[in-house]
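Bear in mind that the values in this text are calculations on the coordinates, not laboratory data. These numbers come from a predicted model, not from an experiment. Reconstructed Cβ throughout: ideal geometry from the backbone, glycine too, with neighbour counts over all protein chains shown.
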Amino acid sequence: MSHSLAIDGGSPVRQTFLPYAHQSVEEADLRAVIEVLRSDWLTTGPKVDDFEAAFAIRVGAQHAVSFSSGTAALHGAAFAAGLRTDEEAITSPMTFAATANCVLYQGATPVFADVTSDTLNLDPEQVAQKISEKTRAILPVDYAGHPAELGPLLEIARRRGLLVIEDACHALGAEYKGKPVGSIADMTVFSFHPAKHITTGEGGMVATDNPQFAETLRRFRNQGISTGARQRQSANQWHYEVVLLGFNYRLPDIACALGLEQLKRLDRNLERRRAIAARYTSALREIPAVISPVVRPGASPAWHLYPIRLDLARLTGGRAQIFQALRAENIGVSVHYIPVHYHAYYRGRFGVRAGEFPVAEAAYERLISLPMFHGMTDRDVEDVIEALIKVVRHYRR
Ligand SMILES: Cc1ncc(COP(=O)(O)O)c(C=O)c1O
């Protein structure tokens, strides 16, 4: 191995770039999609029902309603929760903007609460302090795939008459105290973006046990129409009624066929992600100044991300330098997340509030996501570790 960093002109640990995430698509996926392309239903046909039914069983929910993206699914959940203009939902700043945006889509206000320093998930004590007369929902995020503190959050919600909408876009297949994510909150939202545990290209799902929520979600994603196209066709009916202001957020049969095939491999994908996380965690014990993600007792994360934190006091370089050095080694590191309240839109609309969420803000300065996807080979994983050792050694105090 070359000792000089690639960023300084040395040879990189890898010759080819390793992305931080990548989908896996197999022959069976191709066959399933082609079969739909040859069928009568490209959208809203039998594969939608099949995918939703299989998904609901997998996450332990009574109902699963598919959407065209995780963002659309979040919008649907915020709508079904009845979030209105004068109301608030409490969420985490340590997330992708879509989590908070769905509150804004409803004309309501996202109120951020800080996270705990170990998992970077919403801190229930901070949430309790942010509850006002206007609060309708709590929107925890299962950051990196580690389930949020669902027990305490649900307890607060029940006591104060609030709903819990869990953003589990990172957490398909995670478990909290032995229960699958998807079977715990009032509504749980998933994403099938290619970086996730299974993919439909773009896609999302809301899981719920509440039949009213499920019905509203189905209408909302289909223009607010009270019946489905197939229902009307089989009943020889032309009449339909728009009963609420919906959108076209449908996930087509083509995508659902892909999702069904991918779902069959979810356990395999999770197993691989867990093995990669275990290898990273054991290697990181030997690397000074790098802190691995914490797993709380009772949590079984789905490892969408593997976010490390740098102990900056022990390094001569900052996060940006280390990030760039790893990129030069051809390791596709990333950063999750720029806290939502830092974004220009949020600053412009709600005012700059740097310093208000000290735990999330301090974490952000130190975070780097290592490559994590189920298609990584053992060689890929060892390359990441080798590059991290090389770079950290260079910048160690
Ligand atoms: C935490 C979180 N919420 C919501 C989303 C939005 O999902 P999608 O990209 O499927 O719209 C993402 C996507 O990456 C996410 O990471």
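Antiparallel beta bridges, as assigned by DSSP with both residues in region 75-156, represent about 10 percent of the total such bridges. Quick check on the chain: take the gyration tensor over C-alpha atoms, sort the square-rooted eigenvalues as a ≥ b ≥ c, and tell me if it's rounded (a/c under 1.5), prolate or oblate. Taking the square roots of the gyration eigenvalues as a ≥ b ≥ c, the chain is oblate. Of H75, H336, H3, the sequence from fewest to most neighbouring Cβ atoms within 10 angstrom is H3, H336, H75.
With N residues in region 1-156, what two-decimal value do you get for its Cα radius of gyration over 2.2 N^0.38 Å?
Working: Rg = 21.3 Å, N = 156, 2.2 N^0.38 = 15.0 Å.
Dividing the Cα radius of gyration by 2.2 N^0.38 Å gives 1.42.
In the chain, helical runs assigned H by DSSP with n ≥ 4 each contribute -39500 (n - 2.57); averaged across all residues and rounded to the nearest 500, the mean residue ellipticity at 222 nm is -11500 deg cm²/dmol. Across region 118-249, the mean sequence separation of Cα contacts (distance under 8 Å, 6 or more residues apart), normalised by length, yields a relative contact order of 15 percent. The charge dipole of the chain, taken about its Cα centre with unit charges on the Cβ of Lys, Arg, Asp and Glu (plus for the first two, minus for the last two), comes to roughly 400 debye.
Amide H contacts of A299 (H built 1.01 Å from N, in plane; Pro and chain starts excluded): K177 sit under 5 Å, all sequence-distant by 5 or more or on other chains. As a proxy for reagent exposure, ranking T200, T91, T71, T227 by other Cβ atoms within 10 Å from fewest up yields T227, T71, T91, T200.
As an exercise, identify the GluC sites (Glu not before Pro) in region 235-339 lying in DSSP coil whose Cβ has no more than 10 other Cβ atoms within 10 Å. Show your work: numbers first, answer last.
Working: sites: E241, E261, E271, E286, E329; in loops: E241, E286, E329.
Taking region 235-339 and a limit of 10 other Cβ atoms within 10 Å, the loop GluC sites (Glu not before Pro) found are E241, E286.
For the pair region 10-28 / region 311-383, the C-alpha centres are spaced 20 Å from each other.
Shape index of region 72-229: Rg/Rh, with Rg the Cα radius of gyration and Rh the Kirkwood radius from the inverse mean 1/r over Cα pairs, equals 0.94.
Please report the relative contact order for region 4-160, taking Cα pairs under 8 Å with a sequence separation of at least 6, and give it as a percent rounded to a whole number.
Numbers: 167 pairs, mean separation 24.4, N = 157.
The value is 16 percent.
Classify region 272-397 as rounded, prolate or oblate from the Cα gyration tensor: take a ≥ b ≥ c as the square roots of its eigenvalues, call it rounded if a/c is under 1.5, otherwise prolate when a/b beats b/c and oblate if not.
Details: a/c = 1.84, a/b = 1.41, b/c = 1.30.
Because a/c hits 1.5 or more and a/b exceeds b/c, region 272-397 counts as prolate.
May I ask you to derive the relative contact order of the chain, considering only C-alpha pairs under 8 Å and at least 6 residues apart, and to give it as an integer percent? Don't skip to the end; give the middle numbers.
Numbers: 862 pairs, mean separation 93.4, N = 397.
Worked out over the chain, it gives 24 percent.
Assuming a strict under-22 Å limit between Cα atoms, what lysine pair count do you get for the chain once near-sequence pairs (fewer than 8 apart, same chain) are dropped?
Numbers: K47/K196; K47/K264; K179/K196; K179/K264; K196/K264.
The number of close lysine pairs in the chain is 5.
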